[in-house]
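Below is one structure, written out as structure tokens; comments come after it.
The values are calculated or read from the model by the stated rules, or taken from the named source; none is laboratory data. These numbers come from a predicted model, not from an experiment. Every residue, glycine as well, gets a Cβ built from its backbone with ideal geometry; the counts of neighbours run over all protein chains shown. Side chains included, ligands, DNA and RNA excluded: accessible areas come from the protein's heavy atoms. Shrake-Rupley method; radii C 1.70, N 1.55, O 1.52, S 1.80 Å.
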Amino acid sequence: MTAMTEAGSEGKPVLEVTGVSKAFGALKAVDDVSLSVNRGGLHALIGPNGAGKSTLIDLMTGWQRPDAGTVTFNGQDVTDASVAKRAAMGLGRSFQVSSLAPELSILDNVLLAAQGRQTSSFRFWTSVHDDEPLMASAMEALCAVGWTKPHTTPVSQLSHGDRRQIEVACAMALKPTVLLLDEPAAGLDAEGSRELTEFLATLKGKIPMLLVEHDMYAVFTLADRISVLVNGAIIASGSLEDIQQNEEVRRAYLGDSVPASRSTC
Ligand code: ADP
Ligand code: MG
């Protein structure tokens, strides 16, 4: 692994994994990975399909438990904490594959997500629509992603790009203190990717983020730090320039399609 380059704009770790591993049978999906999401920073995680990126997010958020290693969030060891506990602590995520309920409206999907922040699940006597703080969180999240269309439309009637936007709104509805985004630009066209990148740029600095993305426009525009995961292991971690100039990364992932920065003409 290459030496870490300290990115100047980043602060202390908010979310950190240390030596985490996860095997599925004989397959080491994540193999002794250490990585942090730092205050004020946007850390991009790139790597080929099957590298272990989504599994690493699952380990961070509690959807999977590591075979070894620790996960620390806001200074607390959360390695064995449930998904709900971590969500209530402010760990927000979006999923690579849509997690929206297609038959429900946009608003109801975001309301459901906002409930993840509540510590009590007792709601026998009121409708979520009558819960003003919950409603306010949902509307705020829709506003945060720039949603200006009707929010009563069932998700099943939305375009792919609109669904990706609502998925980020669901993650935002938790009022997260850290946001983990698993390929939010997947399936978007160039215009959609540009819009999403602009939106994430507005969050940058406010919410520390881990961005898993194949869209190099988003990664190269937004990231303070980039880590490259190949076969479950981090092969390089550093600034954009470090990654673009790293021969191993170019061979394993970027290929020749991405010119080294400041190449001569
Ligand atoms: P990425 O997100 O980088 O594409 P994943 O984390 O989804 O990679 O997968 C890493 C590897 O682990 C792949 O080979 C995948 O098939 C395997 N894998 C992921 N989840 C499971 C699971 N629940 N059971 C078995 N194998 C899995
Ligand atoms: Mg994935």
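Would you be able to say whether some residue in the range 62-73 is of a type in the set (A, V, I, L, M, F, W, C), over 22 Å from ALA185 (Cβ atoms), open to solvent by 10 Å² or more (accessible area, probe 1.4 Å) and at pLDDT 95 or above?
Checking the range 62-73: at least one residue is of a type in the set (A, V, I, L, M, F, W, C), over 22 Å from ALA185 (Cβ atoms), open to solvent by 10 Å² or more (accessible area, probe 1.4 Å) and at pLDDT 95 or above.
Residues of the range 14-53 being farther than 19 Å from PRO208 by Cβ and hydroxyl-bearing (Ser, Thr, Tyr), which ones?
Residue satisfying the conditions is SER21 alone.
Looking at (1) within 16 Å of ligand 1 (Cβ to nearest atom); (2) touching a Pro at 6+ places or on another chain (Cβ under 7 Å); (3) open to solvent by 30 Å² or more (accessible area, probe 1.4 Å), which is the one condition that is false for LYS28?
(2)
Within the range 23-56, can you find the residues that are on the phi > 0 side of the Ramachandran plot and within 16 Å of ligand 2 (Cβ to nearest atom)?
GLY47, GLY50, GLY52
Can you tell me how many residues within the range 80-104 are closer than 17 Å to LEU158 by Cα and either part of a strand (DSSP E or B) or away from ligand 2 (no atom under 16 Å from the Cβ) (or both)?
5
Looking for whichever is surrounded by 23 or more Cβ atoms within 10 Å (Cβ to Cβ), modelled with pLDDT of 90 or more and of a type in the set (Val, Ile, Thr) here; the options are ILE235, ILE243. Which one fits?
ILE243
Being more than 16 Å from ligand 2 (Cβ to nearest atom), aliphatic (A, V, I, L, M) and open to solvent by 50 Å² or more (accessible area, probe 1.4 Å) narrows it down to one of ALA190, ALA173, so name that one.
ALA190
Examine the range 201-208 for a residue that is of a type in the set (Gly, Ala, Ser), at pLDDT 90 or above, open to solvent by 10 Å² or more (accessible area, probe 1.4 Å) and under 13 Å from the mean Cα position of the chain (by Cα), and state whether such a residue exists.
No; the residues of the range 201-208 include none that is of a type in the set (Gly, Ala, Ser), at pLDDT 90 or above, open to solvent by 10 Å² or more (accessible area, probe 1.4 Å) and under 13 Å from the mean Cα position of the chain (by Cα).
Go through the range 210-232 and give me each residue that's open to solvent by 10 Å² or more (accessible area, probe 1.4 Å), in contact with a helix residue (DSSP H, G or I) (Cβ under 8 Å, 6 or more places away or on another chain) and within 15 Å of VAL30 (Cα to Cα).
VAL230 - this is the single residue of the range 210-232 that is open to solvent by 10 Å² or more (accessible area, probe 1.4 Å), in contact with a helix residue (DSSP H, G or I) (Cβ under 8 Å, 6 or more places away or on another chain) and within 15 Å of VAL30 (Cα to Cα).
Among the numbered criteria (1) open to solvent by less than 100 Å² (accessible area, probe 1.4 Å); (2) at pLDDT 90 or above, which single criterion is violated by GLU140?
(1)
Yes/no per residue for (1) under 24 Å from LEU203 (Cα atoms); (2) open to solvent by 10 Å² or more (accessible area, probe 1.4 Å):
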| position | (1), (2) |
| --- | --- |
| GLY19 | no, yes |
| VAL33 | no, no |
| GLY40 | yes, yes |
| ILE46 | yes, no |
